[in-house]
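What follows is a short report on a single structure.
Just so you know, all these numbers are worked out from the coordinates, no wet-lab data involved. Since we're looking at a predicted model, the values are computed, not measured. Methodologically, a virtual Cβ is constructed for each residue, glycine included, from the backbone with ideal geometry; neighbour enumeration extends over all protein chains shown.
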Amino acid sequence: MDWSFTKMQGCGNDYIYFNCMENPFPSPEKYAAILSDRHFGIGGDGIVLIKSSDKADAFMRIFNADASEAEMCGNAIRCVGKYLYDNNIVRKTEMSIETLSGVKHLYLSVDTSGSVSSVRVDMGKAELSPELIPADLPGKEIIARTIRVGDENYDITCVSMGNPHVVVFVNNTAVLDLKNLGPLFEKHILFPKGVNTEFVRVIDSHTLDMRVWERGSGETLACGTGACASAVAAVLNGFCPIGEDIKVNLLGGRLIIRFTEETVYMTGGCEKVFEGVISVV
């Protein structure tokens, strides 16, 4: 069967999007790995299926490049909002998207050409309890807690944004060997479902630099939920103020995060890269 797809990216976090409103996509776990291959497939950090929902305007499912399913992706959900609006499927600038981590609310900015240029997402409340991350560590919160990873000690702050995150503050993100360090965190025994890991340098009270090792995908150019987790962790550790915009610089671009007592807001761009058709058995 031939399937139309759209390649989209937010801050370089690129996925292959399929409209599954009327027909189910076959074996997404299998094809996520095949289609994401950057040499023999379309290339991307995974695939996103846009489905109908009885709770929201649409339902987003995400499968990583290693075929694992993710609960949520901040960069992907902005692209879903753009896809729905630009293709006249949901023609409104405020919409709701169901995910495995709940319903998220989107606020779309439309440029003079009539296309969506950026999206603000209400990402929901940041969860700090170890059992909600999950992390096998005692206490009500994990803030600047020292753990052993490989042969080194690291101070970690754990945050769930609907998916698990560990934030590590460092003096220099450029010198990190994420290819070797990332998997040590991702598969650490303390995190039974694996974990996304953000390595963050504080530039000033409103600016962070971040590199990310994503569970199931490896190092990516950006991670929306990771940027949210990093801003939350920066506030919890006293580096940034609560309730104000924090710029998070990623390898693929910049996101604006605002952490409040009630929720976390993420604002960023979203772009269509190209469209095509592929045969899927």
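Quick notes
- Label-to-label distance for ASP122 and ASP155 is 3.5 nm, based on points extended 7 Å past Cα in the beta-carbon direction.
- Only Cα pairs under 8 Å and 6+ residues apart enter the sum, and on that basis the relative contact order of the chain stands at 21 percent.
- Pair-distance profile P(r), taking every C-alpha pair of segment 38-170, with 5 angstrom steps and integer %: 2, 9, 16, 16, 15, 15, 12, 8, 4, 2, 0
- Gyration tensor verdict on segment 55-113 (Cα atoms; rounded if a/c is under 1.5, prolate if a/b is larger than b/c, oblate otherwise): prolate
- Reciprocal of mean inverse Cα separation for segment 130-262 (Kirkwood radius, Å): 14.5
- Ranked packing of 221-231, 88-98, most packed first, by mean Cβ within 10 Å: 221-231, 88-98
- Nitroxide proxy distance, nm - points 7 Å out along Cα→Cβ at MET21 and HIS206: 4.0
- Karplus (6.51, -1.76, 1.60) ³J(HN,Hα), θ = phi - 60°, over segment 74-80, in Hz, Gly and Pro reported as x: x, 5, 5, 5, 5, 5, 4
- Estimated FRET transfer efficiency (THR112, LYS247; beta-carbon r; R0 30 Å; 0.05): 0.75
- DSSP bridge orientation in segment 130-262 - percent antiparallel, rounded to nearest 5: 75
- Förster-model FRET efficiency, 51 Å R0, PHE274 and LYS140, C-beta, rounded to 0.05: 0.60
- Neighbour-count order for PHE239, PHE63, fewest beta carbons within 10 angstrom listed first: PHE239, PHE63
- The chain: C-alpha pair distances exceeding 30 Å, %: 26
- A straight Cα-to-Cα reach below 30 Å connects LYS125 with the lysines LYS7, LYS51, LYS55, LYS82, LYS92, LYS104, LYS140, LYS187, LYS193, LYS247, LYS272, residues fewer than 8 places away in its own chain not being considered.
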